[in-house]
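Q: One structure coming up, written as structure tokens, with questions to follow.
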Amino acid sequence: MTDPHNPARPDESAFGAPRIKAGPGGGAVRLARLVRDLMERHQITRAEAVLMKLLPPLEAAEPPALYFLQPGGNAVVIGVCEWFATGDGHPTRERTFSNGVGRGCRTTPAAPSCGRGVAGASAWLRVVWGGARNTDAACLDNLQAMAAYLAVSEVDAVAVWGWGSGGAAVAVAAALELEDVETWPQLVEWRLANVNPKNKRGPDWGRGTGKQLRILEAELAQRTSAGAGKSAALNAMGRELGYTGAEPRKPLQKAMDAVRMRKATSPSAAPSSDGVTIVRSGQKVPKPPKAA
């Protein structure tokens, strides 16, 4: 008989498809696999891996996105899902009875709430995965627990937690040329493959006659129209490109602002009434005489 406190480790496919979206850069890493990778690379316990390595980025002001893996499709953002202080995160309920007018019963959560969204998930992970009460298998592979289906994008797993640097397999995509780049995942792949090894910077955003910025702005518009805030969307996109720090959106915002500035200050001739042409740089150029 299987010990419920130390269940057999299920196959990874039981937790859903490991992908955020189709195409390059769309892979997902289940959080439990990431924790085991951190344990192996740093030679630390599960509680240490959770408390010292996994949670600090998730508890930051701009945390990486968390997803729930799905059985046959793309993972979905956890949104405002509420977490409760139970072993599986679900709100175990109890009945209470009323003897007054409108007599009947109602159900209420028997455990307090840990919060909602990433903050709630992080609080739950700190208590359950970061505690020593249960075994690693009971924490990380419990098919009944909400957290067993949590995942981050593979791009975030690599950039934020160093996924793959200790032996976990990370697929290396075939090299792309800029003229072949048409989508945001392809742009991410191309820019990461062309980082300057000396200064660790990606290619100039001006390369490609504005193509990179058009793809960037189209992806930003798609994410904001889906409900994400501009700053949050740019931060997520910045992390996908390998930018780190508290505000990875800044290089992207700077690139977009620089293009707008160049457009605003580029010479644009406009005829004036005094027989000269005024150029935005402030110089006056004589108006050519009319043809006879």
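The values are calculated or read from the model by the stated rules, or taken from the named source; none is laboratory data. None of these values were measured; they are calculated from a predicted model. Using ideal geometry, Cβ is built from the backbone for each residue, glycine included, and neighbour counts are taken over all protein chains shown.
Q: Is it fair to say Ala132 is in a helix (DSSP H, G or I) and surrounded by fewer than 21 Cβ atoms within 10 Å (Cβ to Cβ)?
A: Working: in a helix (DSSP H, G or I): no; surrounded by fewer than 21 Cβ atoms within 10 Å (Cβ to Cβ): yes.
Taking the combined requirement at face value, the residue does not satisfy it.
Q: Name the pairs: first residue in segment 145-172 and in the same structural domain as Asn134 (by TED's automatic domain parsing) and closer than 14 Å to Asp37 by Cα, second residue among the β-branched types (Val, Ile, Thr) and modelled with pLDDT under 90, Cβ to Cβ under 6 Å, at least 6 apart or on different chains?
A: Once the first residue is in the same structural domain as Asn134 (by TED's automatic domain parsing) and closer than 14 Å to Asp37 by Cα and sits in segment 145-172, its partners that are among the β-branched types (Val, Ile, Thr) and modelled with pLDDT under 90 give Gly164/Val170.
Q: Which residue is nearest to Trp190 (Cα to Cα), if the candidates are limited to segment 14-60 and must be surrounded by fewer than 20 Cβ atoms within 10 Å (Cβ to Cβ) and among the β-branched types (Val, Ile, Thr)?
A: For segment 14-60, the residue satisfying everything is Ile44.
Q: Would you check which residues across segment 47-76 are among the charged types (D, E, K, R) and in contact with a Phe, Trp or Tyr (Cβ under 8 Å, 6 or more places away or on another chain) and list them?
A: Result: Lys53, single match.
Q: Determine if segment 40-47 includes at least one residue that is part of a loop (DSSP other than H, G, I, E, B) and of a type in the set (Gly, Ala, Ser).
A: No: segment 40-47 contains no residue that is part of a loop (DSSP other than H, G, I, E, B) and of a type in the set (Gly, Ala, Ser).
Q: Oh, and also: Search segment 166-184 for residues being surrounded by 14 or more Cβ atoms within 10 Å (Cβ to Cβ) and modelled with pLDDT of 85 or more, and hand back the single one that is farthest from Asn235 (Cα to Cα).
A: The extreme case among them is Val181.
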